[in-house]
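Heads up, the thing below is written out as structure tokens.
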Amino acid sequence: MTTWMPDVLGDGYEQTTIPLGDDPDGEGQVEATLVRYQPADSPPFEKAVVYVHGFTDYFFQQHVAEFFAAQGYAFYALDLRKCGRSLRDGQTPHFVTDLSFYDAELNAALGIVSAEPSGRSIVLVAHSTGGLILPLWLDRLNRRRGGSAGLGIAGVVLNSPWFDLQGPAAIRSVGTTAIDVIGRFRAKTPVPGQGLDTYGRSLASSHEGEWTYNLEWKPLTGFPVRFGWIRAIRHGHAALHRGLDIGVPSLILRSKVTHFSRKYSSRIDVADAVLDVKQIARWAGCLGDRTTVVPIEGARHDVFLSQEEPRARAFAEVDEWLGWLDRSRVEHPSGKNHTEIGAIS
């Protein structure tokens with residue numbers, strides 16, 4: 001039986017710890033944290049959302065939980081191992097050497113949610129690096145699915161997913177070869193040239209932004225990117241580029257433009273300052289099912305943390321897509337647009 005405790009976000013939010021055992025990367029015992037939003041006077045939910053954050057991130061976006069609850073979805077968010085609520089003393093923030101290590105907490109979280117009355121139909125939502133982790137996991141599940149006692153995953157919403165390495169083409173060719181070698185033998189060595197606070201300043205209410213969050217869990221300059229971690233990311237990119245089969249429809253939201261800068265300016269507030277949006281568009285077709293890509297004028301890298309107008313447009317797009325997803329499930333009750341994933345562990 002799952003035990004829920006009060007969460008740092010306050011009224012309506014609870015959390016439960018998911019023990020994961022020994023860290024494959026040798027940093028002791030690891031665990032993940034599942035957060036749920038339960039408004040005091042809400043009617044019973046018949047559907048659920050599970051949200052997964054990106055790098056240098058954790059779940060704090062209460063307005064996202066409230067949006068999905070208003071659409072009739074029970075809301076859950078997963079802080080992955082060594083991230084946010086799940087980070088323990090002596091651990092390297094966000095560090096893994098293989099993205100498949102996250103399968104353990106993803107499987108466990110989906111098991112908890114699917115046991116709830118709202119868990120018969122689940123929409124997965126992920127941002128940035130989470131938008132790479134989730135499709136890879138779904139592809140692995142989809143390739144070995146079987147049985148009727150599985151988890152009902154109806155669709156996926158990806159918010160600026162990280163589908164390729166930004167920067168010059170040489171970084172994606174020769175640079176990736178160097179990453180592979182260094183990441184194998186010096187996994188925890190930081191990649192040079194980090195420490196920009198441009199994007200962080202645009203978000204944080206203590207600087208130019210409007211959002212209040214824990215700067216120890218989401219520092220302005222980001223956590224150091226380490227060679228072993230970026231090696232795992234590049235292996236994930238390569239798998240995506242070869243083509244996945246996630247088994248369900250997806251909605252991809254992204255900004256219309258990218259603007260990289262070493263200093264903050266107002267242009268950072270209306271563009272993706274982290275990823276190259278052209279790469280998101282280029283690789284979106286690799287997910288293996290019906291994919292809808294929507295560029296949002298004036299959106300930030302985290303589309304749901306954009307300024308008010310583009311943020312409202314993004315939520316309107318999600319609302320419309322969720323309506324289509326519901327209609328599609330009614331029209332195809334046999335499960336054409338609904339993946340039953342069985343016997344996960």
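Some notes on this structure:
- Dipole moment magnitude, nearest 20 debye, the chain about Cα centre, only Lys, Arg, Asp, Glu C-beta charged: 1280
- Among 239, 284, 324 - extreme Cα towards positive end, dipole of the chain, charges at beta-carbon: 239
- Here region 15-71 is assigned +1 on the Cβ of each Lys and Arg and -1 on the Cβ of each Asp and Glu. Its dipole about the Cα centre then comes out at about 340 debye.
- Taken one residue at a time, the phi angles of region 78-91 give Karplus couplings (6.51, -1.76, 1.60, θ = phi - 60°) of 10, 8, 5, 3, 6, 10, x, 4, 8, 6, 10, 3, x, 9 Hz. Gly and Pro are set to x.
- Contour excess over end-to-end distance, with Cα ends at residue 324 and residue 261 and 0.36 nm allotted per residue: 18.9 nm
- Taking only alpha carbon atoms, region 18-149 gives an Rg to Rh ratio of 0.97, where Rh is the Kirkwood radius.
- Amide H contacts of residue 251: 156, 157, 158, 292, each under 5 Å away and 5 or more positions distant or on a separate chain (H built 1.01 Å from N in the peptide plane; Pro and chain starts excluded).
- Förster-model FRET efficiency, 41 Å R0, residue 42 and residue 169, C-beta, rounded to 0.05: 0.25
- Between residue 123 and 48, 49, 50, 154, the built amide H atoms are under 5 Å apart, and every one of these is 5 or more places off in sequence or on another chain.
- Scanning residues 5 or more positions from residue 18 or on other chains, those with amide H under 5 Å from its amide H are 32, 33, 34, with H placed 1.01 Å from N in the peptide plane.
- Value of Rg/Rh across region 176-226 [Cα atoms, Kirkwood radius]: 1.15
- The base-10 log of I(q)/I(0) for region 250-332, evaluated at q = 0.11, 0.19, 0.24, 0.25 Å⁻¹, reads -0.33, -0.83, -1.11, -1.16 [Debye formula, identical scatterers on Cα atoms, solvent excluded].
- Estimated [θ] at 222 nm from DSSP helical runs (n ≥ 4, -39500 (n - 2.57)) normalised by residues in the chain, nearest 500: -9500 deg cm²/dmol
- For region 1-96, the fraction of alpha-carbon pairs lying more than 19 Å apart is 43 percent, rounded to a whole number.
- Spin-label model distance (nm) - residue 207 vs residue 194, 7 Å beyond Cα toward Cβ: 1.6
- Region 192-329: C-alpha gyration tensor shape, a/c 1.5 cut-off, then a/b vs b/c: oblate
- Note on region 151-255: Cα Rg divided by 2.2 N^0.38 Å, N the number of residues, gives 1.30.
- Evaluating 6.51 cos²θ - 1.76 cosθ + 1.60 at θ = phi - 60° for every residue in region 118-127, the Karplus couplings come out as 7, x, 6, 9, 10, 9, 9, 10, 8, 10 Hz, glycine and proline recorded as x.
- Spin-label model distance (nm) - residue 214 vs residue 115, 7 Å beyond Cα toward Cβ: 2.4
- Bridges between two residues of region 10-134, per DSSP, are antiparallel at a rate of about 55%.
- Karplus-derived HN-Hα couplings along region 296-303 (A = 6.51, B = -1.76, C = 1.60, θ = phi - 60°), whole Hz, x at Gly and Pro: 10, 4, x, 7, 7, 4, 7, 4
- Between 225, 91, 312, the Cα set farthest toward the positive side of the dipole of the chain (charges on each charged residue's Cβ, about the Cα centre) is that of 225.
- Of all lysines in the structure, those lying under 19 Å Cα to Cα from residue 188, and not within fewer than 8 positions of it along the same chain, are 82.
Taken together, the values in this text are just the output of simple stated rules run on the coordinates, not laboratory data. Predicted model only: the values in this text are computed from it and were never measured. Because the Cβ atoms are built from the backbone with ideal geometry, glycine has one as well, and the counts that use them run over all protein chains shown.
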